[in-house]
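Taking it in order: structure first as structure tokens, then the write-up.
The values are calculated or read from the model by the stated rules, or taken from the named source; none is laboratory data. Just so it is clear, the structure is predicted and the values come from calculations on it, not from any experiment. Here Cβ is always computed from backbone atoms with ideal geometry, including for glycine, and neighbour counts include all displayed protein chains.
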Amino acid sequence: MTPDRKLRVLVAKPGLDGHDRGARVIAYGLRDAGFEVIYTGLRQSPEQIAREAIQEDVDAVGLSILSGAHMSLTGRVLDLLREQGAEDIPVLVGGLIPDQDREALCELGVAGVFTAGTPISEVADFIQSHAGA
Amino acid sequence: MARSTDELRRAEQRWRDEVVEPRVERFKIPASPVRFYTPDSVEDFDFLEKVGFPGQYPFTAGNHPFEAWRAHAEAGARLGAGGEYGMSSSGRYSGYGTAEDYRDYLLKIQALGSRSGPNVAFDLVTQCGYDSDSPNVVGEVGRVGVAVDSIRDFRTIYEPFTGDLAIDKVASNFTINAPCCVILAMLAVVAEERGAALDRIRGTPQNDILKEFIARGTQIFPPRPSMRLFRDTLVFCRSHFPAMNVNSIGGYHIREAGATRAQDLAFSMANGIAYLQEGVDAGLDVDDFAARFTFNSFGGSMQVYHEIAFQRAARRMWARILKERFSATNPRAMIIRQPITAHIGCTSTTLQRPLNNVARSVVGGMAAAMCGGMPSAYPPFDEPLGLGHSRESLQLSIDATRIMIYEAGMSDVADPWAGSYFMESLTDEIEAEAQEEIGRIEDMGGAVAAIENAYMPRSVARSAYERQRRIEQLEDFVVGVNCFNGERELDLSLERTADEFYDPEHLRTAEERQLVKLAELKRERSERSVSGALGALEIQAKDPDANVMPALIECVKSEATVQEMCDVMRGVFGEAEPIKL
């Protein structure tokens with residue numbers, strides 16, 4: 001991490017899913033690991049998430065989805081970032097992601113998929129190596 | 001003759017000096033890794049005050065001398081091919097796709113012998129008070145439950161329920177919270193259409209909105225108007241649906257979201273107190289309405305002893321709250337009526353080497369048996385895989401339960417730990433910890449205030465983070481996750497042979513099919529009666545002393561949609577704010 005500027009991460013809960021344990025734990029963990037973390041709170045639309053990512057000039061976006069709606073929600077966030085010329089912001093997905101959807105998410109343009117049991121340090125290292133790369 | 005406490009303490013000190021210490025030194029560890037409890041651990045223990053007999057105040061030893069399912073357990077086994085014997089009378093929690101998909105699923109399980117009413121999982125769209133054509137719900141329709149936009153969908157769900165399984169002969173369950181009033185209105189309308197008397201309708205709506213703010217996240221309105229809607233459903237149920245339960249209070253979701261045991265217990269009790277107070281303030285008799293409260297379940301963990309103590313403490317606390325604080329006299333109003341007791345909690349299952357979850361769930365089942373519940377090996381091992389429970393995993397789960405009941409005889413003794421120095425001391429400890437936390441919430445003004453200031457939701461999130469930290473620092477161990485996860489460990493898999501109960505292809509097309517139906521509804525219904533009914537709802541919602549239920553019933557009959565009704569109430573009550581870090 002560059003010493004003069006903390007990396008900024010947007011942790012977001014898109015869609016209607018209310019399971020935010022993972023999102024909040026990641027948010028706290030990244031904050032303790034020295035990141036500047038913005039947590040959106042529940043039920044954010046892909047439009048709100050893309051807008052906040054751009055306005056806050058974040059270095060990475062983490063989406064947490066456990067409702068099974070990950071394919072469509074993630075796709076829309078990626079499209080919106082692309083449309084606004086912000087495709088360089090790496091998007092990470094966490095939550096309940098069945099194995100067969102991992103690859104499909106990566107094909108959509110997701111930088112990394114992290115499911116239950118991942119140590120926060122692994123997520124932190126991943127963001128550091130991908131942000132602003 | 002009993003020896004004196006002094007004599008005991010001297011003996012214990014001698015044991016520590018002469019037996020424990022040398023062994024600790026021999027193994028070169030800082031302290032003994034195990035504890036031992038003596039009569040000194042439960043000073044002034046009064047058995048009748050603290051424990052009592054199963055089925056009597058304070059219900060520490062159990063709600064009943066034996067549970068209903070236990071009465072005929074042996075007879076059930078002798079019957080052999082007993083279908084779903086051993087499961088609770090409420091059907092399996094289910095719901096997916098459109099109402100038609102769910103109806104077909106229900107018909108299929110009826111053909112396999114199911115005799116229970118619908119136990120409905122609604123999709124998030126319905127739970128959050130939107131319609132399937134709302135722009136912000138794309139991809140979520142029919143996803144985690146069945147999509148219900150209007151009375152038409154609700155009617156379809158009940159199509160399989162005729163004859164012996166008619167709407168007034170089975171018990172229905174609805175996992176619905178913020179729009180519970182809307183779903184109850186739909187139930188009243190369908191019952192009426194079927195010619196069923198409302199006083200014969202049995203069932204349980206979840207109707208526990210406070211825990212949604214703390215953990216589950218499907219709140220729509222701010223906390224106070226949400227409580228007003230709870231009051232309206234409570235009053236309506238007591239006057240129109242006397243055989244229905246009012247709610248199903250959950251600590252489960254709170255713990256799953258990360259709460260500690262003490263937080264789970266304290267927050268559930270604080271929420272329960274708030275619901276009881278609503279009833280009392282509405283002029284209802286606590287002995288009557290509290291007997292219609294149920295609990296969904298509390299949270300669980302792998303710490304088997306602690307979970308047994310937790311259940312004992314919970315029963316005692318709730319009984320005391322009812323008796324001492326609300327002056328209840330009806331014992332039925334004092335018990336925690338819940339289908340599940342101790343369990344490991346879904347968050348104890350691991351994605352890594354998932355078949356290990358069978359062993360984990362059996363630990364939870366044993367804890368359940370030892371605290372007065374059915375020893376259900378829950379959840380099925382494939383819970384964390386996110387694909388729904390397979391029939392194979394359900395079979396393993398049900399058989400494990402049967403083995404605990406029939407082979408191990410785990411359910412042949414009520415409260416087997418009663419009087420144990422260790423268990424009584426642990427029960428007291430958990431109760432005291434929760435009591436302290438309840439005191440903190442009371443000082444803030446109760447559960448609603450502790451949600452408005454975000455105290456409860458933030459405490460849960462902090463605890464979740466602390467647990468994660470402990471796992472990462474190897475202070476807590478999870479087999480196959482942070483230890484014993486080397487390359488030589490075998491990752492077992494199971495051969496899948498049984499058909500799915502439902503067709504995954506349906507899920508893919510559900511949203512599209514639901515949108516067609518919704519458009520059709522909007523074309524066919526009378527816009528005039530819809531707007532008339534919604535206007536009347538707005539007037540009732542604005543009057544804090546009015547009950548919204550009669551107006552909602554008229555809205556349902558006019559074929560107004562879930563979102564249309566909720567939007568009227570959003571306009572009057574406002575919307576809940578998202579809780580930040």
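Go through B:V556, B:V478 for me and flag whichever is away from chain A (no Cβ under 14 Å) and in contact with a helix residue (DSSP H, G or I) (Cβ under 9 Å, 6 or more places away or on another chain).
None of the other options fit; the residue is B:V556.
Identify, from the list A:A23, A:A33, the residue that is in contact (Cβ under 8 Å) with a residue 40 or more places away in the chain, of a type outside the set (V, I, T), farther than 19 Å from A:L66 by Cα and more than 7 Å from chain B (Cβ to nearest Cβ).
Just one listed residue meets the conditions, A:A33.
Whether any residue in the range B:404-413 is farther than 30 Å from A:G94 by Cβ, hydroxyl-bearing (S, T, Y), at pLDDT 95 or above and surrounded by 19 or more Cβ atoms within 10 Å (Cβ to Cβ) is what I want to check.
Yes, that holds for at least one residue.
Could you give every pair whose Cβ atoms fall below 7 Å, whose first residue belongs to the range B:399-427 and is among the hydroxyl-bearing types (S, T, Y), and whose second residue is crowded, with 19+ Cβ neighbours inside 10 Å and in a helix (DSSP H, G or I), counting only separations of at least 6 or pairs across chains?
Going by the 7 Å Cβ cut-off, the qualifying pairs are B:T401/B:G365; B:S411/B:A369; B:S411/B:I405; B:Y421/B:V42; B:S425/B:V42; B:T427/B:A309; B:T427/B:R312; B:T427/B:A313.
Rundown of residues vs (1) hydrophobic (A, V, I, L, M, F, W, C); (2) in a helix (DSSP H, G or I), yes/no style:
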{"position": "B:F154", "(1), (2)": "yes, yes"}
{"position": "B:F161", "(1), (2)": "yes, no"}
{"position": "B:S172", "(1), (2)": "no, no"}
{"position": "B:A188", "(1), (2)": "yes, yes"}
{"position": "B:A215", "(1), (2)": "yes, yes"}
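When the residues of the range B:206-219 are narrowed to those that are over 14 Å from the mean Cα position of the chain (by Cα) and either polar (S, T, N, Q) or surrounded by fewer than 24 Cβ atoms within 10 Å (Cβ to Cβ) (or both), which ends up nearest to the other protein chains (Cβ to nearest Cβ)?
Step by step, filter the range B:206-219, then rank; the result is B:T218.
Could you list all residues from the range B:524-553 that are part of a helix (DSSP H, G or I) and touching a Leu at 6+ places or on another chain (Cβ under 8 Å)?
B:L537, B:M549, B:A551, B:L552
Can you pull out the residues in the range B:24-39 that are under 45 Å from the mean Cα position of the chain (by Cα) and part of a helix (DSSP H, G or I)?
Listed by number, the residues that qualify are B:V24, B:P39.
Considering only the range A:29-76, state which residues are under 20 Å from B:A464 (Cβ atoms) and of a type in the set (G, A, S).
A:G29, A:A33, A:G41, A:G62, A:S64, A:S67 - these are the residues of the range A:29-76 that are under 20 Å from B:A464 (Cβ atoms) and of a type in the set (G, A, S).
Applying the selection to the range A:37-80, what residues are out of contact with any Leu (no Cβ under 7 Å at 6 or more places or on another chain) and of a type in the set (D, E)?
Residues satisfying the conditions are A:D57, A:D79.
Output the number of residues of the range B:568-581 satisfying the condition of being buried (at least 19 other Cβ atoms within 10 Å of the Cβ) and more than 13 Å from chain A (Cβ to nearest Cβ).
Of the residues in that region, 3 qualify.
Out of all the residues in the range B:269-277, is one or more surrounded by fewer than 19 Cβ atoms within 10 Å (Cβ to Cβ) and in the same structural domain as B:R337 (by TED's automatic domain parsing)?
Yes, because at least one residue in the range B:269-277 is surrounded by fewer than 19 Cβ atoms within 10 Å (Cβ to Cβ) and in the same structural domain as B:R337 (by TED's automatic domain parsing).
Of the residues B:G386, B:G409, which single one is within 14 Å of chain A (Cβ to nearest Cβ) and more than 18 Å from the chain's Cα centre (by Cα)?
B:G386
Being at positive phi and either of a type outside the set (S, T, Y) or not assigned by TED's automatic domain parsing to the domain that holds B:S393 (or both) is the filter; apply it to the range B:319-362 and report the residue that is surrounded by the most Cβ atoms within 10 Å (Cβ to Cβ).
B:G345
Could you please let me know if A:R8 is in contact (Cβ under 8 Å) with a residue 40 or more places away in the chain, basic (K, R) and either more than 8 Å from every other protein chain (Cβ to nearest Cβ) or surrounded by fewer than 24 Cβ atoms within 10 Å (Cβ to Cβ) (or both)?
In short, yes.
Need a quick list: helices (runs of 4 or more DSSP H) entirely within the range B:397-486 having at least 2 residues that are among the aromatic types (F, W, Y).
Helices (runs of 4 or more DSSP H) meeting the threshold: B:421-444, B:455-472.
Find the residue count for the range A:1-22, including only residues that are touching a strand residue (DSSP E or B) at 6+ places or on another chain (Cβ under 8 Å) and either part of a helix (DSSP H, G or I) or among the hydrophobic types (A, V, I, L, M, F, W, C) (or both).
Residues flagged as touching a strand residue (DSSP E or B) at 6+ places or on another chain (Cβ under 8 Å) and either part of a helix (DSSP H, G or I) or among the hydrophobic types (A, V, I, L, M, F, W, C) (or both) within the range A:1-22 amount to 6.
Tally time: how many residues in the range B:236-258 are farther than 18 Å from B:F174 by Cα and away from every other protein chain (no Cβ under 14 Å)?
1
Can you name the condition, by its number, that B:A541 falls short on among (1) within 14 Å of chain A (Cβ to nearest Cβ); (2) free of Cβ contacts under 8 Å to residues at least 40 places away in the same chain; (3) of a type in the set (A, V, I, L, M, F, W, C)?
The number of the failed condition is (1).
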